[in-house]
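Below: one structure, written as structure tokens.
The values are calculated or read from the model by the stated rules, or taken from the named source; none is laboratory data. Being a predicted model, the structure only gives us computed values, none of them experimental. We place every Cβ from the backbone using ideal geometry, glycine too, and count neighbours over all the protein chains shown. Calculation scope for accessible area: heavy atoms of the full protein, side chains included, ligands and nucleic acids excluded. Shrake-Rupley method; radii C 1.70, N 1.55, O 1.52, S 1.80 Å.
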Amino acid sequence: EPEVTQTPSHQVTQMGQEVILRCVPISNHLYFYWYRQILGQKVEFLVSFYNNEISEKSEIFDDQFSVERPDGSNFTLKIRSTKLEDSAMYFCASSGPVNTEAFFGQGTRLTVV
Amino acid sequence: ILNVEQSPQSLHVQEGDSTNFTCSFPSSNFYALHWYRWETAKSPEALFVMTLNGDEKKKGRISATLNTKEGYSYLYIKGSQPEDSATYLCAFAGTASKLTFGTGTRLQVTL
């Protein structure tokens, strides 16, 4: 069964460093998303990506964040200068046509120290 | 800020009990309502995507209803089993490309 894969599963980084979280969405999907969950809080929307551009982003997704689909298969989330409060589980998801279910990856646990 | 609320926050039932949870969401600009099941150490897995007022969907012992006019959806589990233990998340789509998640209902089913 097709699945969304994320790497790495766990990343520890020093405050101020750049991190890139990687995702391989399901191959024939059209919409790609990043969500995050800070420990003990709800799942929060970061950004959605369609047709090679951002279609929506939240107020969390500021200039420190960027997304790319560099080669038609990977979908990356870059955080330029990490802060302690960026520590969270980051989930990538993809979906087909609108109003169909989103498939989530297993998540990357980012710890900023 | 969209308000998507789920209740109860957590629930502890015995095997064989039937149970239900509520998701409330804005009644304007409705696009879709999703339900996901999230087991510990796994990724959220879709249960239902509901788009029409009055929709009822069923998958095995789990079913869901949708009322878009008053802004709520119910998820029902009939005859709960220990393997149903998980967090159940609802997510509201006010547009085609953004899901706003509730805080989830954590269900624990014991023998």
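Return the carbon/sulfur percentage of the accessible area of chain A, one whole number, probe 1.4 Å, all protein chains in place. It would help to have the intermediate numbers written out before the result.
Numbers: 2690 of 5820 Å².
Here carbon and sulfur together make up 46 percent of the probe-accessible area.
The GNM of chain B, with springs linking C-alpha atoms under 10 angstrom apart, assigns the highest mean-square fluctuation among B:LEU33, B:LEU11, B:LEU66 to B:LEU11.
Taking chain B as a Gaussian network of alpha-carbon nodes connected by springs under 10 Å, the highest mean-square fluctuation of the residues B:LEU99, B:LEU89, B:LEU47 belongs to B:LEU99. Annotation: extensible slack from B:SER10 through B:ALA96 equals 28.0 nm (criterion: 0.36 nm per residue apart, minus Cα-Cα distance).
Each residue of region A:49-59 is assigned a 3J(HN,Hα), and the resulting list reads 9, 8, 6, 6, 8, 5, 9, 8, 8, 8, 5 Hz, derived from the Karplus form 6.51 cos²θ - 1.76 cosθ + 1.60 (θ = phi - 60°), x at Gly and Pro.
Using C-alpha pairs under 8 Å with a sequence gap of at least 6, the mean separation divided by the residue count of chain B gives a relative contact order of 38 percent. Taking 23 Å as the limit for the C-alpha separation, the pairs A:LYS57/B:LYS59; A:LYS57/B:LYS58; A:LYS57/A:LYS78; A:LYS78/B:LYS98; A:LYS42/A:LYS78; B:LYS69/B:LYS98 exceed it in the case of A:LYS57/B:LYS59; A:LYS57/B:LYS58. Under a 5 Å amide H cut-off, with hydrogens placed 1.01 Å from N, B:GLY104 pairs with B:GLN6, B:CYS90 among residues at least 5 apart or on other chains.
Going by a ≥ b ≥ c, the root eigenvalues of the Cα gyration tensor, does region A:26-66 fall in the rounded group (a/c under 1.5), the prolate group (a/b larger than b/c) or the oblate group? Judged from the Cα gyration tensor, region A:26-66 comes out oblate (a/c at least 1.5, b/c at or above a/b). Dipole magnitude for chain A: about 240 debye, using +1 per Lys or Arg Cβ and -1 per Asp or Glu Cβ, origin at the Cα centre.
The trypsin sites (Lys or Arg not before Pro) of region A:78-113 that meet both conditions, a loop assignment by DSSP and at most 16 other Cβ atoms within 10 Å of the site Cβ, are A:ARG80, A:LYS83.
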